[in-house]
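Take a look at the structure set out below.
The values are calculated or read from the model by the stated rules, or taken from the named source; none is laboratory data. Note that this is a predicted model, so its numbers are computed, not measured. Here the Cβ positions follow ideal geometry from the backbone for every residue, glycine too, while neighbour counts run over all protein chains shown.
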Ligand SMILES: Nc1nc2c(c(=O)[nH]1)N[C@H]1C(S)=C(S)[C@@H](COP(=O)(O)O)O[C@H]1N2
Ligand SMILES: [Mo]
């Protein structure tokens, strides 16, 4: 896919490094809502999201979003490594190639003829909770809301692969999305092992919550891999390549890997000795009350959601005394093998004071959440017990804290061109890294096409380490 690159406001481009493709620039503008789009391919107007990055688009759902069984599309998180592609349905084909009996090129109408399956499933980014790790690491600083529960409808991947016919040599299935890489970043391609690709619940979804897939969630076709982390759920799937061996692409061999066992916080681990992230971990979140709330005296209700990857959630226990004693929460009636469950518990505080509330889920295999998050280099699969503090007042004066807001930094003009050609400063100012980490990040950005002059690299690193250096963050 193309290698074009767009600057922030002026639209001028580093012609020495990139060829500027005007057509693609304007198709991007169209995809971002400035032009007309084919029916169904609209980006959703999102409501009250935490903005992690505006370009590419990365949005997090705030904690109050954990109050409904199905997450409305307006509140569903967005994770995109690259810019959202332009999609024209008439031209859209799903090409299947590689270790197949015959190559096929399917239209959306072909896919609509296959049996349509529905599954309610949690989609959670592997990096959800990265911002809670100590020491911190580079990347989007997601806290709790890079996750949602939606109703996905589409065709079984196994049925689609049957149309091409797999050869005996087939080992892995690689999915290529139509998104355009930012700068010289590697293209987003992800592989599934054959058994997961042929699993009866692995879908190519055409719809989400009863609507055509919204553009930012992968219109017209995305992979749904229930129980597995979001990085496997390729959006805008245009090409499926069946391989006779393991796929070597960047997003399999370098990214989305974690050590099988915990490592010393802050250590670096060779990618080859790590393994790909697959199943989600068992996890629960307290949606209400929120951290810092002041409750009135009398009965209160603690509620939230819980989910897991491999085995269904069996129980959620809640503590209102920092983990000394626990009481089972009651589940809501909605459930599904891959869906999250709502839970709640009545609580009458013994008196005015400050209380530490915790929620802990356990799955049917007995796996449960840790109290201390063990560390991994990229901050994946965070699932430590969600802990919040609330006050109980003498009088009836319940207060909810203001929702989280996210701000832009005031990035100095002399570094704007070098650092903000492909993205804005929002993704930078949320990170807190050591000098060595910033140095590696800047080198990575240079490899991925950032127009950094050798003589300014050091002053950029200096500035980043000084202004956005590693220090304990307030939460
Ligand atoms: N083509 C493509 N597919 C993609 C991505 C991407 O950047 N490009 N991001 C992945 C990641 S890391 C996640 S967590 C999910 C997020 O899906 P959502 O944006 O619909 O919430 O999409 C996955 N599929
Ligand atoms: Mo992700």
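Before moving on, here are some points about what is shown:
- Subset of the stretch 138-159 (residues that are part of a strand (DSSP E or B) and within 16 Å of the chain's Cα centre (by Cα)): 147, 148, 149, 150
- Only residues that are within 14 Å of ligand 1 (Cβ to nearest atom) and touching a strand residue (DSSP E or B) at 6+ places or on another chain (Cβ under 8 Å) were counted across the stretch 165-194, and they come to 14.
- Among all residues of the stretch 318-329, there is none that is surrounded by 12 or more Cβ atoms within 10 Å (Cβ to Cβ) and under 26 Å from the mean Cα position of the chain (by Cα).
- Every residue from the stretch 53-100 that is farther than 30 Å from residue 335 by Cα, away from ligand 2 (no atom under 16 Å from the Cβ), in contact (Cβ under 8 Å) with a residue 24 or more places away in the chain and outside any strand (DSSP E or B): 54, 55, 85, 86, 87, 88, 89, 90, 92, 93, 99
- Of the residues making up the stretch 184-222, just one is on the phi > 0 side of the Ramachandran plot and either without any contact (Cβ under 8 Å) to a residue 40 or more places away in the chain or more than 21 Å from the chain's Cα centre (by Cα) (or both), namely 210.
- Of residues in the stretch 223-268 being without any contact (Cβ under 8 Å) to a residue 60 or more places away in the chain and within 13 Å of ligand 1 (Cβ to nearest atom), the one surrounded by the fewest Cβ atoms within 10 Å (Cβ to Cβ): 232
- Checklist (1) over 21 Å from residue 110 (Cα atoms); (2) more than 14 Å from ligand 1 (Cβ to nearest atom); (3) in a helix (DSSP H, G or I) applied to residue 162, failing item: (1)
- For the stretch 203-222, a residue qualifies if it is part of a loop (DSSP other than H, G, I, E, B) and either within 20 Å of residue 82 (Cβ to Cβ) or away from ligand 1 (no atom under 14 Å from the Cβ) (or both), and the qualifying residues are 210, 213, 214, 218, 219, 220, 221.
- Verdict on residue 112 being more than 27 Å from residue 285 (Cβ to Cβ) and away from ligand 2 (no atom under 15 Å from the Cβ): yes
- In summary, residue 160 fulfils each of the numbered conditions (1) in contact (Cβ under 8 Å) with a residue 40 or more places away in the chain; (2) farther than 29 Å from residue 63 by Cα; (3) surrounded by fewer than 21 Cβ atoms within 10 Å (Cβ to Cβ) with the single exception of condition (3).
- Looking at 382, 354, just one residue is within 26 Å of the chain's Cα centre (by Cα) and modelled with pLDDT of 95 or more, and that residue is 382.
- The lone exception for residue 7 - which of (1) more than 23 Å from residue 445 (Cβ to Cβ); (2) touching a helix residue (DSSP H, G or I) at 6+ places or on another chain (Cβ under 9 Å); (3) modelled with pLDDT under 95 it fails: (1)
- Odd one out for residue 139 among (1) surrounded by fewer than 21 Cβ atoms within 10 Å (Cβ to Cβ); (2) more than 16 Å from ligand 2 (Cβ to nearest atom): (2)
- Those strands (runs of 3 or more DSSP E) of the stretch 299-397 in which at least 3 residues are closer than 22 Å to residue 146 by Cα and in contact with a strand residue (DSSP E or B) (Cβ under 9 Å, 6 or more places away or on another chain), considering only elements entirely within it, cover 300-307, 341-347, 353-363, 386-392.
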